[in-house]
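The values are calculated or read from the model by the stated rules, or taken from the named source; none is laboratory data. This one's a predicted model, so the numbers in the text were calculated from it and none came from an experiment. Counting neighbours? That spans all protein chains shown, and the Cβs are built from the backbone with ideal geometry, glycine included. The area values use the complete protein model at the heavy-atom level, side chains included, leaving out ligands, DNA and RNA. Shrake-Rupley method; radii C 1.70, N 1.55, O 1.52, S 1.80 Å.
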Amino acid sequence: MSHVSTALAPPVAQRPGTRLSLVTAGGLAVGLFAAVRLTGMAVLALVAWAGGGHPLTLLGRSWDSAWYLGIAAHGYGRTLHFGHGVVHSDLAFFPLYPALIRTLTAMTPLSGAGAALLVSWAAAAVAAAGVYAVGTRLHGRAVGTALVVLWALLPHSVVLSMAYTEPVLTAFAAWSLYAVLAGNWLWAGTLAALAGLSRPNGFAVAAAVLVAAGCELHRRRGRVTHRLWTGAALAPVGWAAYVLWVGGRTGDPLGGYFDVQRLWGSRFDLGRGSLRFARALLLHGDRFVFSMALLIVAAAVLLYALLALDRPPLPLLAYTAVLLLITLGGSGFFESKPRFLLPAFPLLLPPARALVRTARARPWHATVVVAALAGLSFGYGTYLVVYAHTPL
């Protein structure tokens, strides 16, 4: 049996009662995620209050959050003009998150910022459950739990508590990937389409579904069910629909959206802009945020190499590769690159497995590692939101 077919094989039959225990274990993993993020938010709140700031305002109305709230309240149409040909249009932001905010504000007495935070927090919990499900399917419950904890403790994981779209994208991505591994093509394609409506890099989920479908089609020599064809056709629909809609609105059906991004200062140039920025940073230094961003991106590249050596299922490898390619190959907003990598949770599979091995052999060592990661995550996340004054 080929590597791809092994990845898509159904799970081993479980004993009676195992299903309930899996649900319970998943609930515990999501509970751990919530405990970690709530602790990080508590640290941030104490520091913000000490400095005269309001934590919920910082979490709900910072940087891109304001654009999403504007779209939710008034629809598309806001454009800001700056010097040197820089034009910021809200068409750069994909529509699903503001649509969810608008729906929630219409159904509840919540303000826009309150609805945005509630959507993000709920999506983060769903994402944590999906991350756990993928990790557990591949390597067992202990690794699934460790994967969730490590994801919650990433240096930029404070974004998972903010009014940003990364939790929404990760929720759809994790469950779409799980559906691919389980061979449920309709769910995989539908969730990939929704991921594509969430963020520009949501296309990575569609790419994973299409790669897996292509390999399955090749393995079965074209003898596949209509579900695979339908799921594969659905996968890129969300992303393509919005890109074409922006193109139609700007008068350039195929290039309009990319012109909008270019005017923001973001373009895909195969990494030339990122390399120039990294070179200048190494030679001349710059703000702490940029140095941390460079370290995090370098660590992501190393983790991808370790993931590839582990020979994971092809959909996970393809999904993570596309996220990395978009992050490394795009220029502009270098300080935001760690945030772009938050949905790339499969990168954490090798360290999650290592953490489980360490916890079984030397529990104290594992405790120290987790405590150190928590200190970095809480401290750096608080610094980013309260003090850095740098776009996330």
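Please list the three semi-axes, largest first and in whole Å, of the ellipsoid equivalent to the range 46-120, using sqrt of 5 times the eigenvalues of its alpha carbon gyration tensor.
23, 20, 8
Among His389, Trp264, Leu150, which residue has its Cα positioned farthest towards the positive end of the charge dipole of the chain, with +1 placed on the Cβ of Lys and Arg, -1 on the Cβ of Asp and Glu, and the dipole taken about the Cα centre?
Of the options given, the answer is Leu150.
Accessible area per residue for the chain in Å², computed with a 1.4 Å probe and the full protein assembly in place, what is it?
I get 46 Å² per residue for the chain.
Projected onto the charge dipole of the chain (+1 at Lys/Arg Cβ, -1 at Asp/Glu Cβ, origin at the Cα centre), which of Ala171, Ile101, Leu91 gives the Cα projection farthest towards the positive end?
Ala171
Could I get the Rg over Rh figure for the range 116-226? Both from C-alpha atoms, Rh via Kirkwood, rounded to two places.
Radius of gyration relative to Kirkwood radius: 1.02.
Give me the percent of accessible area attributable to carbon and sulfur for the chain, probe 1.4 angstrom.
69
Report the residue, chosen from Trp229, Trp151, Trp185, that carries the largest GNM mean-square fluctuation when the chain is represented by alpha-carbon nodes joined by springs under 10 Å.
Answer for the Gaussian network model of the chain: Trp229.
With charges set only on the Cβ (+1 for Lys and Arg, -1 for Asp and Glu), what does the dipole of the chain come to about its Cα centre, in debye to the nearest 20?
So the magnitude is around 980 debye.
Quick check: net charge around Leu96, other residues with Cβ under 15 Å of its Cβ, Lys/Arg +1 and Asp/Glu -1?
-1
Would you please state the base-10 log of I(q)/I(0) at q = 0.13 1/Å for the chain, with intensities from the Debye formula using one equal scatterer on every alpha carbon?
Computed log10 I(q)/I(0) values: -1.16.
Express in Å², to the nearest 10, the accessible area of Tyr387 obtained by rolling a 1.4 Å probe over the protein heavy atoms while all chains stay in place.
Surface open to solvent at Tyr387 totals about 130 Å².
Give, rounded to the nearest 20 debye, the magnitude of the charge dipole that the range 303-392 has about its Cα centre when Lys and Arg contribute +1 at Cβ and Asp and Glu contribute -1 at Cβ.
That gives a dipole near 320 debye.
Solvent-accessible area of Thr24, probe 1.4 Å, all protein chains present, reported in Å² to the nearest ten, please.
Looks like 80 Å² after rounding.
Under a crude label model (7 Å from the Cα following the beta-carbon direction), how far is Ala372 from Arg360 in nanometres?
Computed distance between label sites Ala372 and Arg360 equals 2.3 nm.
Could you let me know the centre-to-centre spacing of the range 93-115 and the range 136-193, using Cα atoms, in angstrom?
22
If packing is taken as the average number of other Cβ atoms within 10 Å across a peptide's residues, how do 232-245, 155-168, 101-114, 30-43 rank, most packed first?
So the order, starting with the most tightly packed, is 155-168, 232-245, 30-43, 101-114.
Under 10 °C and 1.306 mPa s, how fast does the range 307-392 diffuse according to Stokes-Einstein, given a Kirkwood radius computed over C-alpha pairs? Answer in µm²/s, whole number.
105
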